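J.: Starting off with a structure, shown below.
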Amino acid sequence: MIGFSDEAVVVAVSGNGGSGAVSFRREKYVPRGGPDGGDGGKGGSVIFVVKHNLRTLAHLRNQPTCRAENGQPGQGRRRHGRDGNDVTIEVPPGTLVREERTRELIVDLADRSEPWVFLEGGKGGKGNWHFRSSTRQAPRYAQGGLPGEERRILLELRIIADIGFVGFPNAGKSSLLNYLTNAHAKVAGYPFTTKIPHLGVFSRYERVITLADIPGIIEGASSGAGLGLTFLKHITRTSGIAYLIDVHDDRYLDAYDLLRHELGSYSSELTGKPEVIIATKMDLPQSEERLEQLASRLDDRQVIPISVFSGRGIDEVREAFFHLLS
């Protein structure tokens with residue numbers, strides 16, 4: 001995903017209302033026509049729309065100010081000024097709208113299917129036609145339009161997926177995602193190949209399951225080390241966690257506890273999610289012996305051994321993901 005961005009600061013400005021008109025009827029044989037000033041148009045609003053084909057906020061980094069159009073002033077003959085055009089801000093599912101300075105949450109757009117009006121445009125002012133009376137037959141004033149609003153906001157994306165992949169760098173997360181889905185996450189034999197989240201989908205028993213591969217976690221990620229802190233937030237919305245453990249990593253016996261510690265330090269909710277433990281790279285020498293040691297270390301809880309090269313365990317993983325969500 002080129003140009004991925006999960007945060008953007010935007011200045012949202014709704015339009016000012018148009019002023020009402022001061023006008024008097026001018027027609028042949030009507031020397032003293034009454035007031036006929038029309039109302040000003042309403043200012044445009046700032047509206048958020050969730051677009052399911054978007055996966056990043058990068059497009060908003062080049063548009064730091066989103067400004068709606070002002071309403072047009074009223075005219076004679078009681079003609080109403082044109083309303084200002086709205087400005088639409090398109091965001092991906094899972095976007096949070098926060099106050100930029102305090103980071104206070106304004107709205108969570110995770111489940112909104114309808115457009116959401118964030119800032120209403122200012123109302124148009126009334127023309128002098130409204131102010132006529134039996135004692136004031138030629139009012140020479142009209143209302144000005146009300147001003148729009150301006151807010152500086154922080155947009156924060158939290159990817160929505162069913163299951164999030166968690167593991168140390170080079171644990172095989174991207175390889176498994178590519179094998180299970182049509183994703184094309186970069187795979188290489190060095191750490192931190194994945195630098196941005198990747199999504200993929202597959203179906204099991206007619207249910208579509210969405211997977212999220214986030215960059216590898218290192219010790220201290222919950223305190224800002226490595227890339228973990230930036231992307232840990234992307235698994236907060238998942239229904240379950242898949243812990244991927246490379247049995248040929250020197251820390252394979254402690255990997256599960258270390259990963260859970262980092263997740264728990266970031267948010268205690270993460271360690272309470274349903275989980276699947278997967279042992280990767282089982283096609284390499286000494287894998288079986290290490291798998292037994294890992295299973296014993298984890299109190300004989302289920303560990304699914306897989307190899308994306310031989311296809312071993314892949315069907316069991318699909319089944320485990322389905323039952324985790326069921």
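Residue by residue, here is whether (1) hydroxyl-bearing (Ser, Thr, Tyr); (2) farther than 27 Å from Val91 by Cβ; (3) in a strand (DSSP E or B); (4) not assigned by TED's automatic domain parsing to the domain that holds His234 holds:
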{"site": "Phe4", "(1), (2), (3), (4)": "no, no, no, yes"}
{"site": "Val10", "(1), (2), (3), (4)": "no, no, yes, yes"}
{"site": "Val22", "(1), (2), (3), (4)": "no, yes, no, yes"}
{"site": "Gly33", "(1), (2), (3), (4)": "no, yes, no, yes"}
{"site": "Gly38", "(1), (2), (3), (4)": "no, yes, no, yes"}
{"site": "Lys42", "(1), (2), (3), (4)": "no, no, no, yes"}
{"site": "Phe48", "(1), (2), (3), (4)": "no, no, yes, yes"}
{"site": "His52", "(1), (2), (3), (4)": "no, no, no, yes"}
{"site": "Arg55", "(1), (2), (3), (4)": "no, no, no, yes"}
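J.: Filter the range 112-147 down to residues that are among the charged types (D, E, K, R), closer than 17 Å to Arg78 by Cβ and more than 47 Å from the chain's Cα centre (by Cα) and give me whichever is surrounded by the fewest Cβ atoms within 10 Å (Cβ to Cβ).
T.: Arg140
J.: Taking the range 66-86 as the region of interest, how many residues are polar (S, T, N, Q) and in a strand (DSSP E or B)?
T.: Residues flagged as polar (S, T, N, Q) and in a strand (DSSP E or B) within the range 66-86 amount to 1.
J.: Identify, from the list Phe192, Phe202, the residue that is modelled with pLDDT under 90 and farther than 27 Å from Glu262 by Cα.
T.: Checking each option against the conditions leaves just Phe202.
J.: Is it true that some residue in the range 104-116 is in the same structural domain as Val22 (by TED's automatic domain parsing), among the aromatic types (Phe, Trp, Tyr) and under 15 Å from Val10 (Cα atoms)?
T.: No, the range 104-116 contains no residue that is in the same structural domain as Val22 (by TED's automatic domain parsing), among the aromatic types (Phe, Trp, Tyr) and under 15 Å from Val10 (Cα atoms).
J.: With the requirement that a residue be at positive phi and crowded, with 19+ Cβ neighbours inside 10 Å, what does the range 46-100 give you?
T.: Within the range 46-100, Gly94 is the sole residue that qualifies.
J.: Considering every residue within the range 211-227, establish whether at least one is at pLDDT 90 or above and in the same structural domain as Ser287 (by TED's automatic domain parsing).
T.: Initially, the range 211-227 is screened for residues at pLDDT 90 or above, giving 211.
Now narrow it down to the ones that are in the same structural domain as Ser287 (by TED's automatic domain parsing): 211.
Within the range 211-227, one or more residues are at pLDDT 90 or above and in the same structural domain as Ser287 (by TED's automatic domain parsing).
J.: Checking the conditions here, which among Thr88, Thr181, Thr135 is at pLDDT below 95 and assigned by TED's automatic domain parsing to the domain that holds Gly33?
T.: None of the other options fit; the residue is Thr135.
J.: Please count how many residues of the range 239-296 are crowded, with 16+ Cβ neighbours inside 10 Å, on the phi < 0 side of the Ramachandran plot and basic (Lys, Arg).
T.: Number of matching residues: 3.
J.: Go through the range 264-297 and count every residue that is without any contact (Cβ under 8 Å) to a residue 24 or more places away in the chain and within 23 Å of Ser203 (Cβ to Cβ).
T.: 0
J.: Of the conditions (1) surrounded by fewer than 18 Cβ atoms within 10 Å (Cβ to Cβ); (2) small (Gly, Ala, Ser); (3) out of contact with any Phe, Trp or Tyr (no Cβ under 9 Å at 6 or more places or on another chain), Gly15 satisfies every one except a single condition; which number is it?
T.: Every listed condition holds for Gly15 apart from (1).
Rundown of residues vs (1) in the same structural domain as Asp315 (by TED's automatic domain parsing); (2) among the acidic types (Asp, Glu); (3) over 25 Å from the mean Cα position of the chain (by Cα), yes/no style:
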site	(1), (2), (3)
Gly240	yes, no, no
Ile245	yes, no, yes
Asp249	yes, yes, yes
Asp257	yes, yes, yes
Tyr266	yes, no, no
Thr271	yes, no, no
Ile278	yes, no, yes
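J.: May I pose another question? Among the residues that make up the range 276-284, is at least one of them of a type in the set (S, T, N, Q), in a strand (DSSP E or B) and under 27 Å from Arg237 (Cα atoms)?
T.: Yes: one or more hits.
J.: Give the residue that is nearest to Glu206 (Cα to Cα), with candidates limited to residues of the range 303-326 that are surrounded by 12 or more Cβ atoms within 10 Å (Cβ to Cβ) and small (Gly, Ala, Ser).
T.: Checked the range 303-326; the qualifying residue nearest to Glu206 (Cα to Cα) is Ala320.
J.: Which condition from (1) assigned to a strand (DSSP E or B); (2) buried (at least 20 other Cβ atoms within 10 Å of the Cβ); (3) within 15 Å of the chain's Cα centre (by Cα) is the one that Gly164 breaks?
T.: Only one criterion is unmet by Gly164, namely (3).
J.: Looking at (1) crowded, with 16+ Cβ neighbours inside 10 Å; (2) free of Cβ contacts under 8 Å to residues at least 12 places away in the same chain, find the lone condition where Asp300 falls short.
T.: (1)
J.: When you look at Pro73, is it assigned by TED's automatic domain parsing to the domain that holds Gly41 and under 17 Å from the mean Cα position of the chain (by Cα), yes or no?
T.: Answer is no for this residue.
The values are calculated or read from the model by the stated rules, or taken from the named source; none is laboratory data. As the structure is a computational prediction, the values presented were derived from the model and not from experiment. Virtual Cβ from ideal backbone geometry, glycine too; neighbours counted across all protein chains shown.
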